[in-house]
Amino acid sequence: MFYKLSNTCDQLDIQNEFRTPFKYPNLYEPKAIINGLNESNVPIITSEKPATIDYAIWGLLPQGYEDDWDTFQSFTNTLNTNIDDANLNEEIYSKSLDERRCLIVVNGYFTSKLVEGKLQPHHIHLKNHKPFCIAGIFNKINDGFLTCSLLVTDAGIEYDHIPNIGKQKPLILKQKDHEAWLNSNLKIKDLKSLVNSHDRYKFISHPIENNFYKNSKLFNRIVNSDQYQTIMHVSRN
């Protein structure tokens, strides 16, 4: 389960990287920690409007849903969706994989491994903390807001260098595959080869203080690798 992301990128860097403007630029705010267990917004590019970067609440709600986000998430956590699961609940996901795909814009995520009986968190990111996109699905709820879920898939041997207790990874697509993923004329069955054999980025894995999951507020200043030691020292005092 991936429930914390990071996006410390400058707005212009994101727009230049993906050659796509923000629909509501004044709403964008860099965040070192995006905690999905709270009701958090993430920037997304949708198959419905691929020419702009919009916003969605992280945690998919059914299409046309009318109740509160936290009410639904207490019933079933939809921050992640396993694209390899052939038994996805149609009542919840309702054709999203075929009709409402999106790209979630971030520049990092978090994993953990066991070290001497304790969790050792790691921050996973690209060189220079460049932005990248996680494949996702979205729905529109009754009041017009978008909600989304990031897609996960089997990690495979290409991710053996990433410390991770689980055997899954976010489905991260390079820019050359974005157009196909957002193509509303394609169904998910048409994208199986892309999902199964997409090109992988070379990610950097950086260990962070092991109380990260207990008090992630200590790490809200994570910006680049040379600050980790300072943050870790502060968190111990």
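The values are calculated or read from the model by the stated rules, or taken from the named source; none is laboratory data. Worth saying up front: this structure is predicted, and the values here are computed from it rather than measured. Cβ coordinates were reconstructed from backbone atoms using ideal geometry, including for glycine residues, and neighbour counts include every protein chain displayed. Quick note on the areas: whole protein, heavy atoms, side chains included, nothing else; ligands and nucleic acids left out. Shrake-Rupley method; radii C 1.70, N 1.55, O 1.52, S 1.80 Å.
When region 1-12 is examined, which residues are found to be within 17 Å of K130 (Cα to Cα) and of a type outside the set (S, T, N, Q)? Reasoning before the result, please.
Of the residues in region 1-12, the ones within 17 Å of K130 (Cα to Cα) are 5-12.
Selection gives L5, C9, D10, L12.
Would you mind stating whether T81 is surrounded by fewer than 15 Cβ atoms within 10 Å (Cβ to Cβ) and not in a loop (DSSP other than H, G, I, E, B)? It would help to see each step written out before you state the result.
Values: surrounded by fewer than 15 Cβ atoms within 10 Å (Cβ to Cβ): no; not in a loop (DSSP other than H, G, I, E, B): yes.
Taking the combined requirement at face value, the residue does not satisfy it.
Would you mind stating whether F110 is out of contact with any Phe, Trp or Tyr (no Cβ under 7 Å at 6 or more places or on another chain) and either farther than 23 Å from C9 by Cα or without any contact (Cβ under 8 Å) to a residue 40 or more places away in the chain (or both)?
When the stated conditions are applied, F110 does not pass them.
Which is open to solvent by 20 Å² or more (accessible area, probe 1.4 Å) and β-branched (V, I, T), of I165, I104, I137, I124?
On the way: I104 fails: open to solvent by 20 Å² or more (accessible area, probe 1.4 Å); I137 fails: open to solvent by 20 Å² or more (accessible area, probe 1.4 Å); I124 fails: open to solvent by 20 Å² or more (accessible area, probe 1.4 Å).
Result of the check over I165, I104, I137, I124: I165.
Only residues that are surrounded by fewer than 17 Cβ atoms within 10 Å (Cβ to Cβ) and under 19 Å from A135 (Cα atoms): list them for region 13-43, please.
Listed by number, the residues that qualify are E17, R19, P21, N35.
Go through (1) in contact (Cβ under 8 Å) with a residue 12 or more places away in the chain; (2) surrounded by fewer than 16 Cβ atoms within 10 Å (Cβ to Cβ) for G117 and report which single condition fails.
The one condition G117 does not meet is (1).
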